[in-house]
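Reading through the structure tokens given below for one structure.
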Amino acid sequence: MSITILNFLIGLGIAFFGFVLQTSIAGLNRKIVGRLQKRVGPRWYQEFLDIFKLLSKRATSHGWIFDFGVIMALGGIIATAMFMPLTSTFNAFGTYDNFFIFVYLLAVGMLGMAMSASGSGNPWASIGVMRALTTMLAYEVPFMIIILTIIKIAGSSLTGIQLYQQAAGNNWFLIALPLGGIVGFISLMGMLGKKPFETYIAPAEIASGPMVEYGGKQLGMLFIMHEITVFIEVSLFVHLFLGGATNIFIFILKYFLVYTLANLISNVNGRFKIDQVVTFFYKWPLILAIVQAFIAIYLGWVI
Amino acid sequence: MKSTKFTPERNISKAETDRKWWEIGDFFRRNSLWLLMYCTGCCAIELPPAMTSAYDMERLGMGPMATPRQADILLVSGYLSLKTLRRLIYTYEQMSEPRYVVALGSCPINGGIYHDSHAVINQLDQYVPVDVYVAGCMPNTEAVMNGFVDLMEQIKNKSANGWKKYHDNYEWYRQNQIQSLGEVDVHDEFHD
Amino acid sequence: MANIELLLLFLLASGIVSYFLTKWKSFVGSVFTIFSTMFVFASLAMYGFSGQLDTTVNVIPVLSFAQTNIGFYFAIIIVFVYLMVSFFHPYFVGEYKYKNSYNVMFLLSLAGVIGTFFADNFIQLFFAFEFIVWTSMLLIPMGKSKKAAVSYYGFSAAGSFAMLFGILVMRSVSGSFDIDLGLASLAGGQATLVFVMFLVAAFSKLGAFPFHIWLPEAHGNAPHPFSPVLSGALVKLGAFVAVFAILRIMPSTPLIDFANSNLPHIPLGQYAVVILGSLSIVFGTLMAIKEDDAKKLLAYSSMSHGGYILVAFGIMTSQAVAGGFYHILAHALASAGAFMAIAAVAKQTGTTKMSELGGMIHKMPITYIVYLVAIISMAGIPPMGGFISKWLIFQAVIDKGMIFVAIAVFFGSIGSFLYVFRPLAALFLGQELREYKVKVKEAPFLMLLPMLIITALNVYTGVIPSAILNFTNGMLVDLGLAPVSITMWDIVGTTGTLNPALIALVFGFGVVIAFIIFIVLKKSKKVTLMETYTAGNFVHDEQLLHYTKDFYAPLERLYIKYTTIMKEFYETLAVKVKEIGRFGKYLFMNKFIGTTILWIIAILLFLLVGEVL
Amino acid sequence: MTNSMTNVEFVQNLVKSNVNVLQEHITDQYQVHFVVEQDQVHYILNILKNAGWIQMSYLSAIDWPEENKFELVYIVFNWEKPVYVQIRTKIDRENPVMNSILPIYPGSKYYERECHEFFGVKFPGNPDYEKQLILENWDDIPPMRKDFDPEAYSKRKFPQREYSETYIVQSEGKSKLAKMEARKQRAESLRGGKK
């Protein structure tokens, strides 16, 4: 297919849509959690207020790498979101929505943020980055084994994976690969940095880790980046395990359910230590993932 | 750009646009106040009820933050000893602008029960500008919440100008700081 | 028409000239070295791509040469790395003790490289191979440690003698040293023997598990400008031998052969290579994470990437092999870039220990960018070259459904984020330490130039890989594999299509959007690095705010006690060898002179009897 | 030592048999104090340490301006026999010098620095007893001495705002109904967070 400027604009629209969607749903989730704790909770658009407030403040900068890293982080994440298909028929770049792009282009954003955080010269930031990378090493391997299984079955294009699940006679991969679904969800919790795996933010422990030196517009941009990252990660789960979506409303519904479930689980959990995160992921999720991959690939039992 | 018949002359000055933007910014700022809790004294005990389900600060868009860079409000809860004041000034200067200071209890107002102590300062607003004082020893939680709502009103009325005052009268604040503390930035054997 | 033999003679001659020039003035000699290397590279590049290198002229009687696609691919990469590194010589060579022989050895080892890759028979390949080992062995001790050279030579010698043994076995079968003939004639037990022997050579040269001990020693202690050559170029000799062994000798039938599926049809020997490659990846990654010396860290990363190359070759599908060849190029560029950046820092500061450095970015921003691009490629992140090769290898691994190999491959890929970030954070970012605030400045232009060229190539290989993949497709055809289907912009794998240029374009687009957001917002206030959040404490020492020591301590704790196993094994082996040697010495040379004479007579008799029989 | 002896008795025996105790006081079964001569402090602390009172818990001083003395209090603790033993001694107030107990209890380094900072007692033998520890940039006589006037210090150091004598009661003139209305509005605004 030929790529025109229109594709780029559609991609940008998807990134913007993802930002708006995730920010609203995050706000709603704060409300839900508030209700869960018998509080009133904030307004549903509170996250927007927070982000725009941060953008309106006057920030401090620790030199060019501090700013450049933030730009690279947001740019990388926007670029990743531009590839994301919303439904099985709507995406910006046709069949180029290769799964590996999401994993590795996401890493550019992460690298940018890590670079910028370390560039601030604050030891907490470096510790936070170290923990974030270590957590990444933990959750990514089980996740990738499950992805290997899915790609082996359905190809590596996200649209292709959605269409495969939606085809008559096929189940969602959450049902077809039940163990894989569990591993995928646990890994998703790790990716989102939700509570048991929240080690790299840990506000009470390392003063919010990588974000320690940010304020004002840099923090605002990182918030935008974070919202889009969450959008990418949750959408990946929806597309990979929940059969994707045939129209945008189903997508939003599934998205909301997945994110809310992750958030609710996170709210009744404490926080792991960083080495506990690693040992946890390399024990049960990895074993389950291997068992699932073995069953699916070698025995061919895909329900 | 030269105006033509079809594009009427835009006579909004730059100051005017800035003011408009500032008002929009004020809307966001007053609805999303993040606190840096400098739990210096006993008034800090009033904050848990303010945050949790009894009074639920989050419904006003407020919440605790980890570092001064991220926070909007520096919340001084209780008496300030000389040592703490140094750190408070340092922290205040690290916050990103606009920044506000809310002081709880009577100690930051006039020294409270520590008015004659050699180690506790008497009036916080001699060192850093304070936007809202919440009196009481200690103020109850309703009063604390009231103080925050007051701050929101001040932001709306553009009277929460403490950070501007600090810029304009920096020399005066500096002089007071030096009178009480000597040099603010201290050296010691552990951090040199 | 460039002639290989003339090039060799030219290198020998210029080696002699550079000896005297360097003796006179080391700067002049080094510049002469740059021009000689440049001449060799230019003549190879000008005629080689169209296959027009002249191999017919026979000046030296015994030697004969041939140009193959594979040989030329390796040669051009390695000569390119040599050329880039030679730009560093004017600034480094003057410091070394034997500075005039440094340039000579450098040029001679380049001659060895050309001799190896254009050799048309095995015995000549072996001698050229040994020539490289000997010359580089003399170069390594000019760095920090003499022991490193011993370890390097030990493993290299084991490798080359194993290869010699394989070559002689092949000769006994086929009756000639010819490469194609020899490889084709093998069958049965001899094939297995040659396969194993060649693999020993490949592994020990590539520094793959279990022959990885020398790699950090040699790379870490070699002279700063020679480390990029070792890691970017000479290690790839192992890959060259591995191509012979893995792709052209097939000693056994496929291992797991599910009748109705497309799952592993990999022969047992190749499967073992894949497993060992996976172990190299995991081992290299874990060791690199815990390493404190930046050069040793990169050396372990070379080991891990050697594992990727082995995995790629072992899988033997055309995608995998193309990925392996592409990885050789991508890693050569990335590793050379990273090592050269570290060398530039070491030139300014005199150390490569990460715990002693910090904040170099403020004084050496261009070096930082070079290093950044190199590690992005090394970690396999788009839009750099490493992504393309890793993507191809992943495609192959997934296509074969190899779960455990996949664990290793993905672990290495994510783990590489960890270890490449470490020097970035500790060495370039973080607090600017007091001792480097004044005297450190950006590297001189002549050093920046090759680094920038390498950076540009790193990006080029990641954005427009089709030209290079076209070339590797030619190599695949030579090896009897189907070419990878590529178009101008797309690479088509079995499970999906990749458009690297599009990724780069979208990434650029995203960055532009982010930059616009950044620039329209209020300008931020500049503060110094020391004005960070310290929970209110007044900290005046940069060292206290600089987190570099034991960066991944929580992770290291989980495996630190298992890291010394291999080293201890080799140390015990060394002790045992020494003991045997001492025992032999005791048998031969004790205080009675008669014993020695008795032994000599006994051996002579034994030989004579053998001769008679 | 026999088993019938309590821990306090054991300490009493130990101290009294070695030094001349001027005065003793048993607070309860876990606390006891002895007042000894200044030059016997090191000796008795040494003995106590060898007997198991290995932890230096605290060192402070008390100012007795009428007697013109400082009373130094060394508190040591034994983890085997749980008794806090206080060794007290009075030293001259005009020239307060006490040899450091650093060789016996290395942990006393910071207590001695603190004591010097707050009372002005000098501890020769402690290499950096004169460095500042807690008070930063202190420029007056040590603040825990009884002749130090904290209020005067506070008046002198800390700037005060002048308050006017007259003040205004804001709610004056308003009717009760209006006040109630205002309160209600306030409550409303607090509940909703809107204004």
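The values are calculated or read from the model by the stated rules, or taken from the named source; none is laboratory data. Worth saying up front: this structure is predicted, and the values here are computed from it rather than measured. Heads up, the Cβs are rebuilt from the backbone with ideal geometry, glycines too, and the neighbour counts pull from every protein chain shown.
Miscellaneous remarks
- Single condition B:Arg69 does not satisfy, out of (1) modelled with pLDDT of 85 or more; (2) away from chain C (no Cβ under 14 Å); (3) buried (at least 22 other Cβ atoms within 10 Å of the Cβ): (2)
- Checklist (1) at negative phi; (2) part of a loop (DSSP other than H, G, I, E, B); (3) surrounded by 10 or more Cβ atoms within 10 Å (Cβ to Cβ); (4) without any contact (Cβ under 8 Å) to a residue 12 or more places away in the chain applied to C:Tyr586, failing item: (2)
- Members of region A:267-288 that are within 11 Å of chain C (Cβ to nearest Cβ) and assigned to a helix (DSSP H, G or I): A:Ile274, A:Asp275, A:Gln276, A:Val277, A:Val278, A:Thr279, A:Leu286
- A single entry from C:Met364, C:Met340 fulfils the requirement of being out of contact with any Leu (no Cβ under 9 Å at 6 or more places or on another chain) and within 14 Å of chain A (Cβ to nearest Cβ): C:Met364.
- Residues (more than 14 Å from chain C (Cβ to nearest Cβ) and buried (at least 23 other Cβ atoms within 10 Å of the Cβ)) located in region A:142-175: A:Gln165, A:Phe173
- C:Ile560 meets each of the listed conditions (1) away from chain A (no Cβ under 14 Å); (2) hydrophobic (A, V, I, L, M, F, W, C); (3) loosely packed, with under 14 Cβ neighbours inside 10 Å; (4) under 42 Å from the mean Cα position of the chain (by Cα) apart from (1).
For (1) surrounded by 10 or more Cβ atoms within 10 Å (Cβ to Cβ); (2) in a loop (DSSP other than H, G, I, E, B); (3) in contact with a Leu (Cβ under 9 Å, 6 or more places away or on another chain), each residue gets a yes or a no:
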residue	(1), (2), (3)
C:Phe518	yes, no, yes
C:Glu531	yes, yes, no
C:Thr534	yes, yes, yes
C:Asp550	yes, yes, no
C:Val577	yes, no, no
C:Ala602	yes, no, no
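- Only a single item in (1) on the phi > 0 side of the Ramachandran plot; (2) of a type outside the set (S, T, N, Q); (3) exposed (fewer than 14 other Cβ atoms within 10 Å of the Cβ) is not met by C:Gly581, and it is number (1).
- Among the residues making up region A:9-37, those that are in a helix (DSSP H, G or I) and over 22 Å from the mean Cα position of the chain (by Cα) are A:Leu9, A:Gly34, A:Arg35, A:Leu36.
- Boolean, C:Leu125 is crowded, with 21+ Cβ neighbours inside 10 Å and either under 23 Å from C:Lys25 (Cβ atoms) or among the β-branched types (Val, Ile, Thr) (or both): no
- Checked against the criterion of being touching a residue at least 40 places away in the same chain (Cβ under 8 Å) and of a type in the set (Gly, Ala, Ser), the candidates B:Ser106, B:Ser81, B:Ser117 yield just one match: B:Ser81.
- For region C:179-201, a residue qualifies if it is within 21 Å of C:Val62 (Cβ to Cβ) and surrounded by fewer than 19 Cβ atoms within 10 Å (Cβ to Cβ), and the qualifying residues are C:Asp180, C:Leu181.
- Some residue of region C:265-280 being under 30 Å from C:Ser355 (Cα atoms), crowded, with 24+ Cβ neighbours inside 10 Å, β-branched (Val, Ile, Thr) and modelled with pLDDT of 70 or more: no
- Residue in region A:197-222 that is surrounded by the most Cβ atoms within 10 Å (Cβ to Cβ), counting only those that are under 19 Å from C:Leu521 (Cα atoms) and more than 10 Å from chain B (Cβ to nearest Cβ): A:Met221
This table checks each residue for (1) surrounded by fewer than 18 Cβ atoms within 10 Å (Cβ to Cβ); (2) among the hydrophobic types (A, V, I, L, M, F, W, C); (3) within 30 Å of C:Ile213 (Cα to Cα); (4) more than 10 Å from chain A (Cβ to nearest Cβ).
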{"position": "C:Leu476", "(1), (2), (3), (4)": "no, yes, no, yes"}
{"position": "C:Ser485", "(1), (2), (3), (4)": "yes, no, no, yes"}
{"position": "C:Ser524", "(1), (2), (3), (4)": "no, no, no, no"}
{"position": "C:Thr528", "(1), (2), (3), (4)": "yes, no, no, no"}
{"position": "C:Pro554", "(1), (2), (3), (4)": "no, no, yes, no"}
{"position": "C:Glu568", "(1), (2), (3), (4)": "yes, no, yes, yes"}
{"position": "C:Leu573", "(1), (2), (3), (4)": "yes, yes, yes, yes"}
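- The combined condition, being under 17 Å from A:Val234 (Cα atoms), at the interface with chain C (Cβ under 7 Å from one of its Cβ atoms) and either assigned to a helix (DSSP H, G or I) or of a type outside the set (Gly, Ala, Ser) (or both), is not fulfilled by A:Ala114.
- Tally of residues being surrounded by 15 or more Cβ atoms within 10 Å (Cβ to Cβ) and more than 12 Å from chain D (Cβ to nearest Cβ) across region B:152-192: 6
- Restricting attention to region C:371-404 and to residues that are more than 18 Å from the chain's Cα centre (by Cα) and of a type in the set (Gly, Ala, Ser), the residue that is surrounded by the fewest Cβ atoms within 10 Å (Cβ to Cβ) turns out to be C:Gly401.
- The residues listed here are A:Val40, A:Val70; of these, the one that is more than 9 Å from chain C (Cβ to nearest Cβ), more than 21 Å from C:Val463 (Cα to Cα) and either crowded, with 24+ Cβ neighbours inside 10 Å or over 16 Å from the mean Cα position of the chain (by Cα) (or both) is A:Val40.
- Restricted to region D:1-110, the set of strands (runs of 3 or more DSSP E) holding at least 1 residues that are within 19 Å of the chain's Cα centre (by Cα) and either closer than 27 Å to D:Glu130 by Cα or among the hydrophobic types (A, V, I, L, M, F, W, C) (or both) comprises D:31-36, D:55-64, D:69-77, D:84-92.
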